[in-house]
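The values are calculated or read from the model by the stated rules, or taken from the named source; none is laboratory data. Since the structure is predicted, the reported quantities are computational estimates derived from the model, not experimental observations. Glycine gets a Cβ as well: all are built from the backbone with ideal geometry, and neighbour counts include every protein chain shown. Only protein heavy atoms, including side chains, enter the accessible area calculation; ligands, DNA and RNA are left aside. Shrake-Rupley method; radii C 1.70, N 1.55, O 1.52, S 1.80 Å.
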Amino acid sequence: MIPWSLGKGGSTRIRLAQVTTPPAQDRLHAQLAFVMEIDKLRRIVRRNTLMDGSRRENDAEHSWYVGMLAMVLAEHAPPGTDLDRVIAMLLVHDIVEIDAGDTFIYDASAVEAQLGIERKAADRIFGLLPEDQTMRLRALWDEFEERKTPEARFAKALDRIAPIMANHHNEGGTWSLYKVTADQVLEKVKIIEEGSATLGAYATEIIALSVRRGHLARA
């Protein structure tokens, strides 16, 4: 409500005082700014296609998909893994690509250059939130990137196995398009093995099968 007082003769006079938004509204406005910003994740198109090869997927679809993988494949995580934390990491892990864009995982120089860009993006985007939520979501993103916890390693394993599965079921997909070799893909399997021995073994198996079918070059 705007402060007011009666002037001479009973006329209404506006009191010149600064009207401040209640703290609760400030918090809501910050949260709404963030959720509006992350809607842009639907616009970021990844190089990988859907499994049927009909089109390329976007980052929002990818984040949802790997979150579902976490729920379905939870039993293959290390004992004691906090599944809720894994899912939370997977939901936030690609938000930085709103600013940084998608990077082709087999382009080593681009991946290295991307690190600094993504950190700046994390500062800006998570910084839209109220301070406590900024700290929580940024910590989840940092944890995922650093891969020091069982949860982060399992989350990263799921993030890595998803495109391998898609390419395997799409006659090579981006492997064929960008002339990726089996050795390059197997190098990424090491990260999957760190998070789940079972999923690492499965990834190795379908890579070998893709080579035998001629969908992935040997060298």
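For the residues Arg138, Arg153, the requirement of being under 30 Å from Pro23 (Cα atoms) and touching a residue at least 12 places away in the same chain (Cβ under 8 Å) singles out Arg138.
Whenever a residue of region 185-212 is free of Cβ contacts under 8 Å to residues at least 40 places away in the same chain, its partners that are open to solvent by 80 Å² or more (accessible area, probe 1.4 Å) and among the aromatic types (Phe, Trp, Tyr), lying with C-beta atoms within less than 9 angstrom and at least six residues away or across chains, give the pairs Ile192/Tyr202.
Using the structure shown, decide if Ala166 is open to solvent by 60 Å² or more (accessible area, probe 1.4 Å) and either closer than 17 Å to Met51 by Cβ or touching an Asp or Glu at 6+ places or on another chain (Cβ under 8 Å) (or both). Break it down stepwise before answering.
Working: open to solvent by 60 Å² or more (accessible area, probe 1.4 Å): no; either closer than 17 Å to Met51 by Cβ or touching an Asp or Glu at 6+ places or on another chain (Cβ under 8 Å) (or both): yes.
No; evaluated as a whole, the condition is false for this residue.
Pairs meeting the criteria (first residue in region 46-74 and assigned to a helix (DSSP H, G or I), second residue at pLDDT 95 or above and open to solvent by 40 Å² or more (accessible area, probe 1.4 Å), beta carbons under 7 Å, at least 6 apart or on different chains) are Ala60/Arg42; Ser63/Leu91; Gly67/Leu91; Ala70/Leu83; Ala74/Leu83.
Would you mention how many residues in region 197-219 are more than 23 Å from Val72 (Cβ to Cβ) and in a helix (DSSP H, G or I)?
Going through region 197-219, the residues more than 23 Å from Val72 (Cβ to Cβ) turn out to be 208, 211-219.
Within this subset, residues satisfying the condition of being in a helix (DSSP H, G or I) are 208, 211-212.
Qualifying residue count for the region: 3.
Is it the case that Met71 is surrounded by fewer than 18 Cβ atoms within 10 Å (Cβ to Cβ) and at pLDDT below 95? It is false that Met71 is surrounded by fewer than 18 Cβ atoms within 10 Å (Cβ to Cβ) and at pLDDT below 95.
Taking the criterion of being surrounded by 20 or more Cβ atoms within 10 Å (Cβ to Cβ) and in a helix (DSSP H, G or I), the residues of region 175-196 that qualify are Trp175, Val185, Val189, Ile192, Gly195. Could you please let me know if Lys148 is open to solvent by 60 Å² or more (accessible area, probe 1.4 Å), of a type outside the set (Gly, Ala, Ser) and touching a strand residue (DSSP E or B) at 6+ places or on another chain (Cβ under 8 Å)? Considered against the rule, which asks whether it is open to solvent by 60 Å² or more (accessible area, probe 1.4 Å), of a type outside the set (Gly, Ala, Ser) and touching a strand residue (DSSP E or B) at 6+ places or on another chain (Cβ under 8 Å), Lys148 comes out as no.
If Glu131 passes every condition in (1) open to solvent by 70 Å² or more (accessible area, probe 1.4 Å); (2) under 20 Å from Ile191 (Cβ atoms); (3) modelled with pLDDT of 95 or more but one, which one does it miss? Going through the list (1) open to solvent by 70 Å² or more (accessible area, probe 1.4 Å); (2) under 20 Å from Ile191 (Cβ atoms); (3) modelled with pLDDT of 95 or more, Glu131 breaks only (2).
Could you say whether any residue in region 42-64 is open to solvent by 40 Å² or more (accessible area, probe 1.4 Å), over 25 Å from Gly173 (Cβ atoms) and modelled with pLDDT of 95 or more? Before you say what the answer is, go through the steps one by one.
So in region 42-64, the residues open to solvent by 40 Å² or more (accessible area, probe 1.4 Å) come out as 42-43, 45, 47, 50-52, 54-56, 61, 64.
Narrowing the set further to residues that are over 25 Å from Gly173 (Cβ atoms) leaves none.
For region 42-64, residues open to solvent by 40 Å² or more (accessible area, probe 1.4 Å), over 25 Å from Gly173 (Cβ atoms) and modelled with pLDDT of 95 or more: absent.
For region 79-100, how many residues meet the condition of being more than 18 Å from Leu137 (Cα to Cα) and surrounded by fewer than 16 Cβ atoms within 10 Å (Cβ to Cβ)? Before the answer, list the steps.
Of the residues in region 79-100, the ones more than 18 Å from Leu137 (Cα to Cα) are 79-81.
Narrowing the set further to residues that are surrounded by fewer than 16 Cβ atoms within 10 Å (Cβ to Cβ) leaves 79-80.
Within region 79-100, residues that are more than 18 Å from Leu137 (Cα to Cα) and surrounded by fewer than 16 Cβ atoms within 10 Å (Cβ to Cβ) number 2.
Scan region 107-125 and tell me whether some residue there is in a loop (DSSP other than H, G, I, E, B) and either surrounded by 15 or more Cβ atoms within 10 Å (Cβ to Cβ) or touching a helix residue (DSSP H, G or I) at 6+ places or on another chain (Cβ under 6 Å) (or both). There is no residue in region 107-125 that is in a loop (DSSP other than H, G, I, E, B) and either surrounded by 15 or more Cβ atoms within 10 Å (Cβ to Cβ) or touching a helix residue (DSSP H, G or I) at 6+ places or on another chain (Cβ under 6 Å) (or both). Condition first: in a helix (DSSP H, G or I), among the basic types (Lys, Arg) and within 17 Å of the chain's Cα centre (by Cα). Can you find one or more residues in region 84-91 that meet it? So far as region 84-91 goes, yes, one or more of its residues are in a helix (DSSP H, G or I), among the basic types (Lys, Arg) and within 17 Å of the chain's Cα centre (by Cα).
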